[in-house]
Amino acid sequence: MAKKVVILGAGYAGLVTALKLNKLASAGDCEIILVNKHDYHQMITQLHESAAGAKSDRDIRIPLASVLKGKNIKFIKDTVEAIDKQAKQVKLKSQVLSYDYLVVSLGSESEYFGIPGLKEYSFSLKSINQARLIRIHIEKCFADYHYDPTPDKLTFVVGGAGFSGIELVGELADALPKLAEENNIPYERVKLYNVEAAPMILPGFDEELVKVAEHSLKSRGVNFLVGVPIIRVEPGKVHLKNGEIIETQTLVWTGGVRGSQIVIDAGFETEPRGRAKVDEYLRAIGHEDVFIIGDSCFVMNEETGRPYPPTAQIAIQMGENCAANLYASIKGTQKEKFVPNLLGSVASLGRKDAIGKVGKSLKTKGWIAYRIKDMSQVRYLAKIGMIFK
Ligand SMILES: Cc1cc2nc3c(=O)[nH]c(=O)nc-3n(C[C@H](O)[C@H](O)[C@H](O)COP(=O)(O)OP(=O)(O)OC[C@H]3O[C@@H](n4cnc5c(N)ncnc54)[C@H](O)[C@@H]3O)c2cc1C
């Protein structure tokens with residue numbers, strides 16, 4: 001009898017799993033059901049561009065109907081509320097689904113580290129809807145300034161100088177001067193801060209490239225406050241550990257991620273930040289019928305002794321491995337261990353600038369790095385069948 005495979009989340013990991021399993025399996029092997037809260041796939045790696053107004057929502061939203069057209073994949077638009085691993089059931093907002101195999105690929109949530117007021121008084125950058133809120137809010141700050149010209153309206157703070165924080169700062173460094181000009185406001189009145197608790201920006205990145213990024217961003221007016229934790233946030237005020245208070249209407253928090261609360265509530269074994277521990281085949285510990293992949297899981301890099309960072313690159317590779325292992329589980333054949341193939345990483349610094357590494361050691365910067373980043377998006381669109389069909 002066909003096995004029922006339920007995939008939760010149509011992000012990078014879940015969508016790739018569904019598409020690859022559909023390719024591998026013949027009719028009668030399995031029924032593939034993909035559940036997502038929206039009827040579109042979000043290009044989360046481009047959210048910073050949307051938040052700063054460089055791209056529209058339409059540019060980074062791919063209708064799932066187009067991706068799944070002609071495929072043997074049933075799509076359900078619904079919100080996952082809970083997983084009952086004993087009963088082998090998933091509770092959605094409007095129905096209960098049973099499964100033979102479950103794939104949990106629900107992504108991650110913002111981590112606020114218990115900092116008072118941070119969750120309540122900051123924007124998060126985890127979805128297209130949140131990126132839209134940031135974009136509209138920033139435009140409103142400029143528009144409001146004419147009627148009530150207080151400096152906090154033109155002071156913009158990004159908390160966190162990891163990958164996504166720096167990419168957002170880079171986009172804002174390009175967008176804010178244009179907004180100032182459009183609104184006929186002298187740019188000297190606009191302030192853009194990037195606050196980071198760690199002693200350097202882009203922790204873990206090559207130091208020489210970090211200096212290039214710092215120089216590029218500083219030359220476009222970014223003020224870095226590095227090694228300075230945010231300790232409290234209240235409406236209009238960001239309190240820093242060094243005693244400084246930044247008066248601002250806009251704090252975007254990108255400083256940490258944690259696993260999905262649904263995974264934690266279901267009682268899967270997790271690390272302290274809520275990401276599920278998985279075996280070498282990406283199955284939840286003690287549950288051979290449940291795969292947990294992408295940002296929702298935690299895999300150690302034995303070479304560095306640190307966990308792999310939550311990236312789309314790894315989520316996509318996990319999706320491919322998971323599909324192969326689901327198929328092997330259904331057919332009773334040999335499964336493949338998950339071994340990431342790190343292709344390098346490139347952080348954009350705004351329009352036409354970026355830094356990064358290709359493979360393990362080739363450093364790249366400037367326009368070429370920016371094009372490499374663009375090409376990785378194109379490769380992804382080809383993988384999910386949206387171009388070069
Ligand atoms: C601004 C920014 C820039 C980034 N840039 C890069 C980059 O350049 N390169 C890179 O490799 N990584 C980058 N990342 C990280 C990358 O986007 C994530 O690692 C990646 O999205 C993880 O993929 P995923 O499939 O695990 O989760 P996601 O892509 O987050 O997908 C999760 C899916 O689950 C759905 N979902 C969640 N909860 C529910 C629910 N309760 N019910 C139903 N559906 C639900 C969501 O709507 C979503 O479709 C960036 C992240 C950000 C925020």
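The values are calculated or read from the model by the stated rules, or taken from the named source; none is laboratory data. Bear in mind that the values here come from a model prediction, so they are computed numbers and not experimental data. Reconstructed Cβ throughout: ideal geometry from the backbone, glycine too, with neighbour counts over all protein chains shown. Remember, those area values only see protein heavy atoms, side chains included, never the ligands or the DNA or RNA. Shrake-Rupley method; radii C 1.70, N 1.55, O 1.52, S 1.80 Å.
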Quiz item: Could you say which residue among Ile201, Ile231 is at pLDDT 95 or above, farther than 25 Å from Pro307 by Cβ and not small (Gly, Ala, Ser)?
Solution: Ile231
Quiz prompt | Residues being without any contact (Cβ under 8 Å) to a residue 12 or more places away in the chain and open to solvent by less than 80 Å² (accessible area, probe 1.4 Å) - total across the stretch 132-147 | solution = 1
Practice problem: Could you tell me whether the stretch 312-328 includes any residue that is open to solvent by 40 Å² or more (accessible area, probe 1.4 Å), of a type in the set (Phe, Trp, Tyr), more than 10 Å from the ligand (Cβ to nearest atom) and in contact (Cβ under 8 Å) with a residue 60 or more places away in the chain? | Solution: yes
Exercise. Scan the stretch 350-389 for residues that are free of Cβ contacts under 8 Å to residues at least 60 places away in the same chain and assigned to a loop (DSSP other than H, G, I, E, B) and jot them down.
Key: Lys352, Gly359, Lys360, Ser361, Ile387, Phe388, Lys389
Exercise. Report yes if Thr45 is within 12 Å of the ligand (Cβ to nearest atom), under 23 Å from Ala354 (Cβ atoms) and under 24 Å from the mean Cα position of the chain (by Cα), otherwise no.
Key: yes
Quiz item: Of all strands (runs of 3 or more DSSP E) completely enclosed by the stretch 157-244, which ones contain at least 2 residues that are without any contact (Cβ under 8 Å) to a residue 60 or more places away in the chain and more than 24 Å from the chain's Cα centre (by Cα)?
Solution: 237-240
Self-check item: the stretch 256-290: number of residues that are in contact with a Leu (Cβ under 8 Å, 6 or more places away or on another chain) and more than 12 Å from the ligand (Cβ to nearest atom)
Solution: 2
Quiz item: Is the stretch 50-68 home to any residue that is closer than 30 Å to Gly332 by Cα and either within 16 Å of the ligand (Cβ to nearest atom) or among the aliphatic types (A, V, I, L, M) (or both)?
Solution: yes
